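Novice: Encoded as structure tokens, here's the structure I'll be asking about.
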Amino acid sequence: MPSVRRIVPNLATTNADAAKQFYTSVLGLELVMDLDWVATVASAENPSAQISLITRDRTAPVVPAISVEVDD
């Protein structure tokens, strides 16, 4: 059975730029990944504290609530 490495909440947004601006300027998180349709912000002090901001997911009818990283 795979081991869970990380669980990240996903937040649906219609305005990725505004969401990134809020989480970086107001909460002080850093933009650690930006793939246009999904961006992840994280704490510099605790990098495992992350939130992903998703505008769409072409593989699903809705934005998933969480992303789970496993070692497999």
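The values are calculated or read from the model by the stated rules, or taken from the named source; none is laboratory data. Quantities reported herein were computed from a predicted structural model and do not represent experimental measurements. No Cβ is skipped: glycine too gets one built from the backbone with ideal geometry, and neighbour counts run over all protein chains shown. Accessible surface is based on the protein model in full, side chains and every heavy atom, while ligands, DNA and RNA are left aside. Shrake-Rupley method; radii C 1.70, N 1.55, O 1.52, S 1.80 Å.
Novice: Of 71, 34, which residue is open to solvent by 50 Å² or more (accessible area, probe 1.4 Å), among the charged types (D, E, K, R) and touching a strand residue (DSSP E or B) at 6+ places or on another chain (Cβ under 6 Å)?
Specialist: Details: 34 fails: touching a strand residue (DSSP E or B) at 6+ places or on another chain (Cβ under 6 Å).
So the residue among 71, 34 that is open to solvent by 50 Å² or more (accessible area, probe 1.4 Å), among the charged types (D, E, K, R) and touching a strand residue (DSSP E or B) at 6+ places or on another chain (Cβ under 6 Å) is 71.
Novice: Looking for something without any contact (Cβ under 8 Å) to a residue 24 or more places away in the chain and surrounded by 14 or more Cβ atoms within 10 Å (Cβ to Cβ) - is there at least one such residue anywhere in segment 2-21?
Specialist: no
Novice: Suppose we filter segment 39-59 for residues that are out of contact with any Lys or Arg (no Cβ under 9 Å at 6 or more places or on another chain) and open to solvent by less than 70 Å² (accessible area, probe 1.4 Å); how many remain?
Specialist: Number of matching residues: 10.
Novice: Quick one: in segment 22-61, which of the residues that are in contact (Cβ under 8 Å) with a residue 40 or more places away in the chain and not in a strand (DSSP E or B) is nearest to residue 3 (Cα to Cα)?
Specialist: The initial filter retains those residues of segment 22-61 that are in contact (Cβ under 8 Å) with a residue 40 or more places away in the chain, namely 48, 50-55.
Filter again for not in a strand (DSSP E or B), leaving 48, 55.
On the way: 48: 16, 55: 28 Å.
Step by step, filter segment 22-61, then rank; the result is 48.
Novice: Please go through (1) assigned to a strand (DSSP E or B); (2) touching a Ser or Thr at 6+ places or on another chain (Cβ under 9 Å) for residue 69 and return the number of the only condition it doesn't satisfy.
Specialist: Of (1) assigned to a strand (DSSP E or B); (2) touching a Ser or Thr at 6+ places or on another chain (Cβ under 9 Å), only one is false for residue 69: (2).
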